[in-house]
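Inspection log for the structure reproduced underneath, given as structure tokens.
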Amino acid sequence: MDYYSSRISNLIEQLSKLPSIGNKTAQRLAFHIVNMPKEQAESLAGAIVDARENIRYCSECCTLTDGDICPICASAKRDHRTIMVVENSRDLAAYEKTGKYDGVYHVLHGAISPMLGIGPADIRLKELMIRLEKDVDEVIIATNSSLEGETTAMYISKLIKPTGIKVTRIASGVPVGGDLEYIDEVTLLRALEGRTEL
Ligand code: ZN
């Protein structure tokens, strides 16, 4: 790292802190950035700071948004009595891309994992339970089919059952361990349509 000026070293170090960016990629990106037109580098830096400062969690569904409430929760066209529970905002985006789901969402920001020490209090479950005090007909659990996703689904269904609200789980057409965001729309829709009551 000493071969570079301290400014480049610093940029490489900052970039290598990003997920799945190793040292080699960080170096490649750093040199790409310093060779960019100045305005482009400025707008990249500006977009990072702006996103970090202005993006927050929707006070209703906890997805990332730039207002108090996200456009989906704010929409009168959506069925607010059907809530789909997903692990993260990327999974929400995957279902939105299908254009066929008209309910609302709840984003957990993670899944229960005893192995990683992530418990129910570490994900946005409390917020979900508060929402269920309003009129809700169905909660669709669309967590991933990984061990963590299944553990989370079981936990949530046990929590909701006593309330009498219908709890369903998306069909397991989704490959085991598969992240929802990488699954094509047809498979996602089939999983949604084939959901079963827990
Ligand atoms: Zn929302």
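Overview of results
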{"read-out": "Check on K100, basic (K, R), within 17 Å of E185 (Cα to Cα) and at pLDDT below 95", "value": "yes"}
{"read-out": "Residue check, R124 at pLDDT 95 or above, surrounded by fewer than 15 Cβ atoms within 10 Å (Cβ to Cβ), within 24 Å of T163 (Cβ to Cβ) and within 16 Å of the ligand (Cβ to nearest atom)", "value": "no"}
{"read-out": "Boolean, S75 is out of contact with any Asp or Glu (no Cβ under 6 Å at 6 or more places or on another chain) and either among the charged types (D, E, K, R) or modelled with pLDDT under 95 (or both)", "value": "no"}
{"read-out": "Residue match in segment 10-24 (condition: within 16 Å of the ligand (Cβ to nearest atom), assigned to a loop (DSSP other than H, G, I, E, B) and at pLDDT below 95)", "value": "no"}
{"read-out": "Residues of segment 64-82 classified as surrounded by fewer than 23 Cβ atoms within 10 Å (Cβ to Cβ) and within 19 Å of L128 (Cβ to Cβ), total", "value": "12"}
{"read-out": "Identity of the residue in segment 28-54, part of a loop (DSSP other than H, G, I, E, B) and surrounded by fewer than 12 Cβ atoms within 10 Å (Cβ to Cβ), that ends up nearest to the ligand (Cβ to nearest atom)", "value": "P37"}
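The values are calculated or read from the model by the stated rules, or taken from the named source; none is laboratory data. Here the structure is a predicted model, which means the values were calculated and not measured. Methodologically, a virtual Cβ is constructed for each residue, glycine included, from the backbone with ideal geometry; neighbour enumeration extends over all protein chains shown.
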